[in-house]
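One structure is given here, and the rest of the page talks about it.
The values are calculated or read from the model by the stated rules, or taken from the named source; none is laboratory data. Here the structure is a predicted model, which is why all the values come from computation and not from measurement. Here the Cβ positions follow ideal geometry from the backbone for every residue, glycine too, while neighbour counts run over all protein chains shown.
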Amino acid sequence: MTGLSISGLLIFAAALFVAAFSPGPGIAAILARVLGRGRHGAVAFTAGMAIGDVVWLSFAVLGLAMLAQTFHEVFTVIKYAGAAYLLYIAYKMWTAPARPPALVADQRRESTLRLFLAGLAVTMGNPKTMIFYLALLPNIVDLTRVDGLAFAELAVVTLGVLALVFGFYIVLALRARQLITSPKAVRLVNRGSSAVMAGAAVAIATR
């Protein structure tokens, strides 16, 4: 086991950070969800998204791009299932009571597993994630000779970078949510977040 060079890991981390930080359907879904529903479920949802990235990374490292194409129908089902659940979340946001955040602690809690799977579906329904890894990795490591340590390093860096990026957006949305103090503002945020979430679902489904 030799692993990767520090410089190679830094290049990988920097490229992934830029790609992950750039606004897209996934980031829009995170912001909309936290603004509309608060911190509950945010970790489960983003954890699913991050694990989805590791799955696509694994496909790229193991040379399973052709396998992914072979099972295109499976990934299509996953994509639409994820988009459908995001639309369900959007509906729940639109119809949520217009009460300030401090008064909604008793709102019905959503299933952690379902939120995790929804986040996973968001990423797994986007093959462009694997294309990113396929384009980047050959410049860092010989994919025909990746050992266990090198893969573990790539996976840990991926999870670390995504935790940093997703954590930033969660905190950003929570700070914005704290400024909401009136029922009218809550209603506007809920419906605005619902529209953004629905837009993210449509963007994922049509990719």
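Summary of computed values
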| item | result |
| --- | --- |
| Selected residue (criterion: modelled with the highest pLDDT) from residues of the range 5-49 that are in a helix (DSSP H, G or I) and hydroxyl-bearing (Ser, Thr, Tyr) | Thr46 |
| Residue that is farthest from Leu113 (Cα to Cα), among those in the range 34-50 that are surrounded by 18 or more Cβ atoms within 10 Å (Cβ to Cβ) and aliphatic (A, V, I, L, M) | Leu35 |
| Filtered residues of the range 1-24 (kept if surrounded by fewer than 22 Cβ atoms within 10 Å (Cβ to Cβ), touching a residue at least 24 places away in the same chain (Cβ under 8 Å) and not small (Gly, Ala, Ser)) | Met1, Thr2, Leu4, Leu9, Ile11, Phe17, Phe21 |
